[in-house]
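**Student:** Below is a structure I'd like to ask you about.
The values are calculated or read from the model by the stated rules, or taken from the named source; none is laboratory data. Please read all numbers here as calculations on a predicted model, not as lab measurements. Backbone-built Cβ (ideal geometry, glycine too); neighbour counts: all protein chains shown. Ligands, DNA and RNA are stripped out before the accessible areas are found, and what is left, the full protein with its side chains, is counted by its heavy atoms. Shrake-Rupley method; radii C 1.70, N 1.55, O 1.52, S 1.80 Å.
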Amino acid sequence: MAILDTLETEVNSILSISWNERNGTVIPETTDIALKDGAVKIEATFLYADLAGSSLLAKTCPWQTTAKIIRTYLDTAVRLIRHHNGEVRSFDGDRVMGIFKGDYPNTTAVTCARNIDWVVTNIINPKAYEKFKSIRENGIKIRHCVGVDTSEARAVRSGIRNNNDLIWIGKAPAFAAKLSDIRDYPYEVYISKECYNKLAASAKKNGTEDVWTAKDVVISGQTHTVYRSKTPLKP
């Protein structure tokens, strides 16, 4: 069959799917969901950690340095997501997505986000400055942003046999990703209003100091009140 015929047949097939949806009590892996028509609905909190300025790093620094910085950031984010019992389900260049369930998923995810921010500020930045001449000479600061949101979402598989992965449909995965795109240093952790409202009291303050400030942001043409922090938290 010619490739065009194959593509038309598969487009028609996919657009005609009747989803076989089930409720999920745990965060699914790719193999947990049928490629043909499977869908899992879960209530969860989504975290996106996104390294900023990768194009500047690639333009300014040797490729080896750029690769080390990106890998260091992703390694940090993944280790902290797993440390807080989150599950890593997606990589996209210099960005990683973590998903949290359990009794206090919002407090856990937000703690993780602030931990990532602490490591970027107190370990990655000074170590990069110390080790790499291109970082020092060009005055490069390693910046990033972490976005967190919570909602009901669906997971389905996309792709073909032996070449597929999960995609996530719902407000939280999309909105958390958009929050991680914000570039407004020193604020490098952004969370949705829904997430903020579900935080434990201890996650809202640093002693007597408020950790979060409200901020109106425009995302996809709509204004949303979100909360942002410039107070990293040591793991």
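**Student:** Criterion first (among the hydroxyl-bearing types (Ser, Thr, Tyr), touching a Ser or Thr at 6+ places or on another chain (Cβ under 7 Å) and touching a residue at least 24 places away in the same chain (Cβ under 8 Å)) does Thr60 satisfy it?
**Tutor:** yes
**Student:** On to the next question. May I ask you to verify whether Arg114 is surrounded by fewer than 18 Cβ atoms within 10 Å (Cβ to Cβ), at pLDDT 95 or above and not acidic (Asp, Glu)? If you could, list the steps in order and put the result at the bottom.
**Tutor:** On the way: surrounded by fewer than 18 Cβ atoms within 10 Å (Cβ to Cβ): no; at pLDDT 95 or above: yes; not acidic (Asp, Glu): yes.
The answer is no for Arg114.
**Student:** Just checking: which of the strands (runs of 3 or more DSSP E) contained wholly in segment 1-105 hold 1 or more residues that are of a type in the set (Lys, Arg) and farther than 24 Å from Glu194 by Cα?
**Tutor:** On the way: elements: 20-23, 38-51, 87-92, 95-100.
Output list reads 20-23.
**Student:** Hey, could you check segment 72-87 for residues that are closer than 17 Å to Arg143 by Cα and touching a helix residue (DSSP H, G or I) at 6+ places or on another chain (Cβ under 8 Å) and say which is most open to solvent (accessible area, probe 1.4 Å)?
**Tutor:** Going through the qualifying residues, I end up with Thr72.
**Student:** To continue, here is another question. Out of all the residues in segment 194-205, which are outside any loop (DSSP other than H, G, I, E, B) and more than 17 Å from the chain's Cα centre (by Cα)?
**Tutor:** Asn197, Ala201, Ser202, Ala203, Lys205
**Student:** I've got another one for you. Does segment 5-17 include one or more residues that are over 30 Å from Glu137 (Cα atoms) and open to solvent by less than 40 Å² (accessible area, probe 1.4 Å)?
**Tutor:** Checking segment 5-17: not a single residue is over 30 Å from Glu137 (Cα atoms) and open to solvent by less than 40 Å² (accessible area, probe 1.4 Å).
**Student:** List every residue pair whose Cβ atoms lie under 8 Å apart, where the two residues are 6 or more positions apart in sequence or sit on different chains, the first residue falls within segment 113-135 and is within 23 Å of Val189 (Cα to Cα) and hydroxyl-bearing (Ser, Thr, Tyr), and the second residue, located anywhere, is open to solvent by 20 Å² or more (accessible area, probe 1.4 Å) and outside any helix (DSSP H, G or I).
**Tutor:** That search, which allows pairs on different chains as well, returns Thr121/Pro232.
**Student:** Considering only segment 176-205, state which residues are under 26 Å from Thr25 (Cβ atoms) and open to solvent by 20 Å² or more (accessible area, probe 1.4 Å).
**Tutor:** If the condition is that a residue be under 26 Å from Thr25 (Cβ atoms) and open to solvent by 20 Å² or more (accessible area, probe 1.4 Å), then Glu194, Tyr196, Asn197, Lys198, Ala200 are the ones that fit.
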